[in-house]
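Below is one structure, written out as structure tokens; comments come after it.
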């Protein structure tokens, strides 16, 4: 049900509130990774990095899924 709602309502949310849409996308991806990689995450644990970015302190907690690396690689292949 949640996939259907996200599919139907997300384009409208994206037009109305870009920040909220970005947060919703990040939470949806995080939930999906938790469902598909939960055991691996439990075994390996999270790792945390704190660094300055544009005048703010940013905290990155990786679930070790490396999902962003995969997405970046796909984007780079499609642009070649």
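The values are calculated or read from the model by the stated rules, or taken from the named source; none is laboratory data. Keep in mind that what you see is a predicted model, and the values were worked out from it rather than measured. Backbone-built Cβ (ideal geometry, glycine too); neighbour counts: all protein chains shown.
Per-structure values
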item	result
Cβ pairs under 6 Å, 6+ apart, first in segment 35-60 and surrounded by 10 or more Cβ atoms within 10 Å (Cβ to Cβ), second modelled with pLDDT of 85 or more and not in a helix (DSSP H, G or I)	58/51
Options 6, 14, 20; residue that is farther than 24 Å from residue 61 by Cβ and in contact with a helix residue (DSSP H, G or I) (Cβ under 8 Å, 6 or more places away or on another chain)	14
Hits in segment 25-34 - residues which are loosely packed, with under 14 Cβ neighbours inside 10 Å and modelled with pLDDT of 80 or more	26, 27, 31, 32
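Okay, residues lined up against (1) under 17 Å from the mean Cα position of the chain (by Cα); (2) modelled with pLDDT under 70:
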residue	(1), (2)
15	no, no
38	yes, no
47	yes, no
64	yes, yes
69	yes, yes
79	no, yes
